[in-house]
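Let me begin by presenting the structure, written as structure tokens, before commenting on it.
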Amino acid sequence: MVNQKTAKEFVRRLGPGLITGAADDDPSGIATYSQAGSQFRFALVWTLLLTTPLMIGIQMLSARIGWVTGEGLAANINKMFPSWLTKTLVGLLVVANTINIAADIGAMAEAVRLLVGGPLALYVLGFGTLCVATQVFFSYEHTVRILKWLTLALFAYVAVILTVQVPWRQAISESLHPWSFFPAGVSLKDYTAMVVAVLGTTISPYLFFWQAAQEVEDNNRRPESQVLRLNPEYAAEHLSRIKQDTYVGMTFSNVIALCIVIATAVTLNMQGITDIQTSSQAAEALRPVAGEFAFAVFALGIVGTGLLAVPVLAGSAAYAVSELYGWQASLSNRFHEAKGFYLIIIAATGIGTVMGYLEVDPIKALVWSAIVNGVISVPIMAALMWIGQSERLMGNYTISPRHRFFGWSATLVMAVAVVLMFATSF
């Protein structure tokens, strides 16, 4: 009974961090991890080990800023930097998110078509409508509850691992000594491009904005929190919750990513299948190798993660724009109370749906999304670090030296990744 009560309390404390981490493993991310596993087998596992502490550091900072200031990241960045810079970064965020939504909706539709057949266009329109409806018509509490349940979809990739025979000794050896198992016929340029893709997938700007906004939403639902924040014991407890929530969410995210890399390495790479471009292709390629069950689970996982990620992508864009222009921005508001906020959600999801309906090349879409995210990720991360160190905005809750180390390390890693991305792309 005590253990059951403890487990319930643990789950209750999870929220923005868990949802944010799970949303990182969207269909576009699944495609990237599938490419990594099928092309390089276990030689890119180290990237997930590297990004986990960096991802935790930057997401904890995002959540901390939202909770301490009571405002989202766009509003805080606008206080520290010129308005034109904030507007440019937010505009590019909206563009990148819309492209990503198109790729995710297209991937979900393709996964359903693989499972049951039927017209792809119908599924694209259906998923687009469903994603808009859940955010516009459901309350904040209802939306969060649904998103929490959808995180369970990621266990599909744990199930895939359990259905295939993994040579764990080989996997560990190649993961720890990737330079000794460099695939034949693969150029350094290709390897670098995939490293950058994995880094860009795990550390993405839309995740920063979403988690900060969710902390603001939670604050607004508890008016007394403004006063309680002045109580050192309450502040310490809440910051501990943010830490626990973020640790669990980001670790969960990268464990699932690891499962996808290992599953595709074993079932595809070791069978000579190395050219995987989309998550749906990965699911289809699994069928003759790992069987119908693994194929179905992988495909259903794409649908579940897409339904989780699209609202986060559209919502983070809407929060950023609304904060910038001082609009009402809350999923707790009804449409007539926050028209601008909801219109951004509808526009981002609608344009993404139209792009999916027109069958825009998902690979080109993801390339452009990665480029735009790369352009904005480093300045946004640097801005977050400055905000986190600002006594004017953070008061007594500026970040610790250790947190600064991991935050600036993540920023540096992303800066190097962006430079490498441009060096290998053009």
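Assuming a ≥ b ≥ c are the square roots of the Cα gyration tensor eigenvalues, decide whether region 298-365 counts as rounded (a/c under 1.5), prolate (otherwise, with a/b larger than b/c) or oblate. Taking the square roots of the gyration eigenvalues as a ≥ b ≥ c, region 298-365 is prolate. Angle check, please: helix 120-137 long axis (alpha carbons) against the longest principal axis of the chain (alpha carbons), in degrees 0 to 90, nearest 10. The angle comes out near 20 degrees. Expressed as a fraction of 2.2 N^0.38 Å, the value expected for a compact globular protein of N residues, the C-alpha radius of gyration of region 14-425 is 0.94. The GNM of the chain, with springs linking C-alpha atoms under 10 angstrom apart, assigns the highest mean-square fluctuation among Ala282, Ala347, Ala329 to Ala347. Distance between the 7 Å Cα→Cβ label points at Lys243 and Val136: 4.3 nm.
Answer rounded, prolate or oblate for region 17-152, using the Cα gyration tensor with square roots of eigenvalues a ≥ b ≥ c: rounded when a/c is under 1.5, else prolate when a/b is larger than b/c, else oblate.
In terms of gyration-tensor shape, oblate.
Counting beta carbons within 10 Å around each of Thr202, Thr251 and listing the fewest first gives the order Thr251, Thr202. Here Met108, Met381, Met80 are placed in order of increasing Cβ neighbour count within 10 Å, fewest first, which gives Met80, Met381, Met108.
For the chain, what is the relative contact order in percent, using Cα pairs closer than 8 Å and at least 6 residues apart in sequence?
Details: 670 pairs, mean separation 168.7, N = 426.
Relative contact order here is 40 percent.
Of Pro178, Pro82, Pro205, the residue with the greatest mean-square motion in the GNM of the chain, using alpha carbon springs below 10 Å, is Pro82. Between Thr163 and Lys79, the modelled labels are 5.0 nm apart [label points 7 Å from Cα along Cα→Cβ].
Summing +1 for each Lys or Arg and -1 for each Asp or Glu, what net charge is found among the other residues whose Cβ lies under 13 Å from the Cβ of Phe40? Taking every Cβ under 13 Å from that of Phe40, the sum is -2. Exposure proxy for Cys131, Cys259: other Cβ atoms within 10 Å of each Cβ, ordered fewest to most, give Cys259, Cys131. Per-residue ellipticity at 222 nm computed for the chain from its helices equals -27000 deg cm²/dmol, with DSSP H segments shorter than 4 residues left out and the rest contributing -39,500 (n - 2.57). In the chain, the sites counted are GluC sites (Glu not before Pro) in DSSP loop states with at most 15 other Cβ atoms within 10 Å, and the longest stretch holding none of them, exclusive of the sites, is 1-223.
Counting pairs on different chains as well as pairs 8 or more places apart, how many Lys pairs in region 14-425 have Cα atoms under 20 Å apart?
Values: Lys79/Lys87; Lys87/Lys339; Lys148/Lys243; Lys189/Lys364.
Going through region 14-425 pair by pair, I get 4.
Summing +1 for each Lys or Arg and -1 for each Asp or Glu among the other residues whose beta-carbon sits under 14 angstrom from that of Gly306 gives -4. When the Gaussian network model of the chain links Cα atoms closer than 10 Å, the mean-square fluctuations of Asn254, Asn100, Asn220 top out at Asn220.
FYI, it's all coordinate maths here, none of it is from the lab. The shown structure was predicted, so the numbers you read here are calculated from the model rather than taken from an experiment. Here the Cβ is made from the backbone with ideal geometry for all residues, glycine too, and neighbour counts use every protein chain on show.
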